[in-house]
Amino acid sequence: MKPQTRKTYVSETVAGLKPSGIRRFFDLASGMEGVISLGVGEPDFVTSWGIREASILSLEQGYTSYTANAGLPELRQEIAAYLRRKFRVCYRPETEILVTVGASQAIDLALRAIVDPGDEVIVVEPSFVAYEPLVVLAGGTPVSVRTSGADGFQLNLAQLEQAITERTKAVVICSPNNPTGTVFSPAELEALARLAEAHDLLVIADEIYAELTYEGEYMSMAAVNGMRERTILISGFSKGFAMTGWRLGFAAAPEDILQAMLKIHQYAMMCAPTMAQYGALEALRNGEHDVEQMRNSYRRRRNYFVASLNEIGLPCHVPGGAFYAFPSIRHTGLTSEQFAEQLLLEEKVAVVPGNVFGQSGEGYIRCSYASSLEQLQEAVKRMKRFLERL
Ligand code: PLP
């Protein structure tokens, strides 16, 4: 029988989304042997045993049913205590905290809860690849505002103000930043706060890397004077607690916004995975020491790797957080795609071209240093050889 032809059912919005540029490089690298991958954005640690054990215990005890839509009450209480302890922001666990399927879902919910068709959402870039597509899927228009390597990718408030229109509803920021590792300074957060107040905007603050801040005390957007009422704070367990596969995150926001997010969540997801929530409970109660050890380990690797990149001729600012170095490759004359592709094919080192994170990422590559020191040393050797040949 002749195969039936049918129309394409994929929506125009989805068809119009670009596939993630990171995937393309993963696919290219996955078919090759002996590749050192500095491409992935995840910890190289296995989740601490205590967390795994708590989750196993919950299964042994038979806690296998749904939890409350917003998450286990005791987990929400722990999250509230954690936010108070760490960032000095207070949220009511009953109404202002939502446990989600990763920070990814929290970002999606935040956008879907606030965006009406045609609303504009400013995305500070270079940025995590999901923000812009999620704004589009929520029916909004993403407006990107660039930052520059010249000042270590700090917020550009003047450009940000210029991008604000009547339709602007929110600004998405991420600090410590993926891909640049930059931590926005308290002064800049303060300036952004005054801008948000002046133009009546929300800030969606993706703080998933907050635990991986290497210098000084972390300042949450929600802790800035007046911003608790204007911030949707997004965080989760993937990065700081090395729990990427558990798919557990959370959002904290003023009640009206959080309840709108919960409305979507209860229809679309019901609740986050129960056994993962028990693991997260243990992470918040007893995981601090392990987080500190992982943070110290990343800091050591950052110090080695960033100094080495600068030594071999890839200028790189010292990232204050996360586990990414974002060196400039501009002087090589190659585009970031060309650089990443040639480096992979010739020296088998996988990095991510900076342009996948937005136009201001062109001329840079993202290297994750969440790899063993031996692997980083070997990667530096190969990159040096590659640069000498260029
Ligand atoms: N936000 C940023 C900035 C990220 O880099 C990532 C993952 O790479 C996420 C959110 C998603 O985190 P989760 O695993 O909690 O969904």
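Just checking, which of Glu60, Glu78 is open to solvent by 60 Å² or more (accessible area, probe 1.4 Å), of a type in the set (D, E, K, R) and assigned by TED's automatic domain parsing to the domain that holds Gly226? Can you show your working first?
On the way: Glu78 fails: open to solvent by 60 Å² or more (accessible area, probe 1.4 Å).
Going through Glu60, Glu78 in turn, the sole match is Glu60.
In this structure, is Glu217 more than 16 Å from the ligand (Cβ to nearest atom), open to solvent by 20 Å² or more (accessible area, probe 1.4 Å) and within 21 Å of Arg167 (Cβ to Cβ)?
No.
Kindly indicate whether Gly50 is under 22 Å from Asn286 (Cα atoms), open to solvent by less than 90 Å² (accessible area, probe 1.4 Å) and in contact with a helix residue (DSSP H, G or I) (Cβ under 8 Å, 6 or more places away or on another chain). Quick ask: steps written out before the conclusion?
Values: under 22 Å from Asn286 (Cα atoms): yes; open to solvent by less than 90 Å² (accessible area, probe 1.4 Å): yes; in contact with a helix residue (DSSP H, G or I) (Cβ under 8 Å, 6 or more places away or on another chain): yes.
Answer is yes for this residue.
Report, by residue number, each residue of the stretch 146-180 that is open to solvent by 60 Å² or more (accessible area, probe 1.4 Å), touching a Leu at 6+ places or on another chain (Cβ under 8 Å) and either among the basic types (Lys, Arg) or assigned to a loop (DSSP other than H, G, I, E, B) (or both).
Result: Lys169, single match.
Given the conditions (1) at pLDDT below 95; (2) surrounded by 24 or more Cβ atoms within 10 Å (Cβ to Cβ), and given that Pro126 satisfies all but one, which numbered condition is not satisfied?
Among (1) at pLDDT below 95; (2) surrounded by 24 or more Cβ atoms within 10 Å (Cβ to Cβ), the lone unmet condition for Pro126 is (1).
Inspect all residues belonging to the stretch 239-251 and state whether any of them is away from the ligand (no atom under 15 Å from the Cβ), open to solvent by 10 Å² or more (accessible area, probe 1.4 Å) and either more than 25 Å from Arg301 (Cα to Cα) or touching a strand residue (DSSP E or B) at 6+ places or on another chain (Cβ under 7 Å) (or both). Can you show your working first?
Filtering the stretch 239-251 down to residues away from the ligand (no atom under 15 Å from the Cβ) leaves none.
Looking for residues that are away from the ligand (no atom under 15 Å from the Cβ), open to solvent by 10 Å² or more (accessible area, probe 1.4 Å) and either more than 25 Å from Arg301 (Cα to Cα) or touching a strand residue (DSSP E or B) at 6+ places or on another chain (Cβ under 7 Å) (or both), one finds none in the stretch 239-251, hence no.
For the stretch 34-118, list the helices (runs of 4 or more DSSP H) that sit wholly inside it and hold at least 3 residues that are under 22 Å from Tyr218 (Cα atoms) and more than 16 Å from the ligand (Cβ to nearest atom); which are they?
73-87
Which fully enclosed helices (runs of 4 or more DSSP H) of the stretch 269-358 have 2 or more residues being without any contact (Cβ under 8 Å) to a residue 40 or more places away in the chain? Spell out the reasoning first.
Values: elements: 274-286, 288-311, 336-347.
Once the helices (runs of 4 or more DSSP H) in the stretch 269-358 are filtered for at least 2 residues that are without any contact (Cβ under 8 Å) to a residue 40 or more places away in the chain, what remains is 288-311, 336-347.
For Leu98, indicate whether it is assigned by TED's automatic domain parsing to the domain that holds Tyr209, open to solvent by 40 Å² or more (accessible area, probe 1.4 Å) and of a type in the set (A, V, I, L, M, F, W, C).
No: the conditions fail for Leu98.
Looking at (1) within 16 Å of the ligand (Cβ to nearest atom); (2) in a helix (DSSP H, G or I), which one does Ile234 not meet, given that it meets all the others?
(2)
Within the bounds of the stretch 160-167, is there any residue that is within 16 Å of the ligand (Cβ to nearest atom) and not assigned by TED's automatic domain parsing to the domain that holds Arg295?
Checked against the condition, which is being within 16 Å of the ligand (Cβ to nearest atom) and not assigned by TED's automatic domain parsing to the domain that holds Arg295, the stretch 160-167 yields no hits at all.
For the stretch 21-44, check the following and say yes or no: at least one residue is polar (S, T, N, Q) and modelled with pLDDT of 95 or more.
There is no residue in the stretch 21-44 that is polar (S, T, N, Q) and modelled with pLDDT of 95 or more.
Looking at (1) at pLDDT 95 or above; (2) closer than 26 Å to Arg24 by Cα, which is the only condition Val318 fails?
Among (1) at pLDDT 95 or above; (2) closer than 26 Å to Arg24 by Cα, the lone unmet condition for Val318 is (2).
For the list (1) over 22 Å from Glu362 (Cα atoms); (2) within 16 Å of the ligand (Cβ to nearest atom), I need the number of the one condition that His199 fails.
Evaluating His199 over (1) over 22 Å from Glu362 (Cα atoms); (2) within 16 Å of the ligand (Cβ to nearest atom) leaves (2) as the failure.
With farther than 19 Å from Ala322 by Cβ, crowded, with 18+ Cβ neighbours inside 10 Å and in the same structural domain as Ala198 (by TED's automatic domain parsing) as the only criterion, which of Ile234, Ile257 stands out? Quick ask: steps written out before the conclusion?
Working: Ile234 fails: farther than 19 Å from Ala322 by Cβ.
Step by step, each of Ile234, Ile257 is checked, and only Ile257 is farther than 19 Å from Ala322 by Cβ, crowded, with 18+ Cβ neighbours inside 10 Å and in the same structural domain as Ala198 (by TED's automatic domain parsing).
So, in the stretch 119-155, how many residues would count as being among the acidic types (Asp, Glu) and within 16 Å of the ligand (Cβ to nearest atom)? Give the derivation first.
First pass over the stretch 119-155, keeping only residues among the acidic types (Asp, Glu): 119-120, 125, 132, 151.
Then drop every residue that is not within 16 Å of the ligand (Cβ to nearest atom), which leaves 125, 132.
Counting residues in the stretch 119-155 that are among the acidic types (Asp, Glu) and within 16 Å of the ligand (Cβ to nearest atom) gives 2.
Any residue in the stretch 9-26 that is of a type in the set (Lys, Arg) and open to solvent by less than 90 Å² (accessible area, probe 1.4 Å)? Step through it out loud before you land on a result.
Going through the stretch 9-26, the residues of a type in the set (Lys, Arg) turn out to be 18, 23-24.
Pick out the ones that are also open to solvent by less than 90 Å² (accessible area, probe 1.4 Å) and you get none.
Taking every residue of the stretch 9-26 in turn, none turns out to be of a type in the set (Lys, Arg) and open to solvent by less than 90 Å² (accessible area, probe 1.4 Å).
Confirm whether Ala222 is in contact with a helix residue (DSSP H, G or I) (Cβ under 8 Å, 6 or more places away or on another chain), crowded, with 18+ Cβ neighbours inside 10 Å and on the phi > 0 side of the Ramachandran plot.
So Ala222 does not fit the description; no.
Here is a yes/no grid of residues against (1) basic (Lys, Arg); (2) over 19 Å from Ser37 (Cα atoms); (3) away from the ligand (no atom under 16 Å from the Cβ); (4) surrounded by 21 or more Cβ atoms within 10 Å (Cβ to Cβ):
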{"site": "Arg295", "(1), (2), (3), (4)": "yes, yes, yes, no"}
{"site": "Tyr304", "(1), (2), (3), (4)": "no, no, yes, no"}
{"site": "Ala322", "(1), (2), (3), (4)": "no, no, no, yes"}
{"site": "Ser328", "(1), (2), (3), (4)": "no, no, yes, no"}
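The values are calculated or read from the model by the stated rules, or taken from the named source; none is laboratory data. Quick caveat, the model's predicted, so the values are computed rather than measured. In this analysis, Cβ positions are derived from the backbone assuming ideal geometry, glycine residues included, and neighbour counts consider all displayed protein chains. Accessible surface is based on the protein model in full, side chains and every heavy atom, while ligands, DNA and RNA are left aside. Shrake-Rupley method; radii C 1.70, N 1.55, O 1.52, S 1.80 Å.
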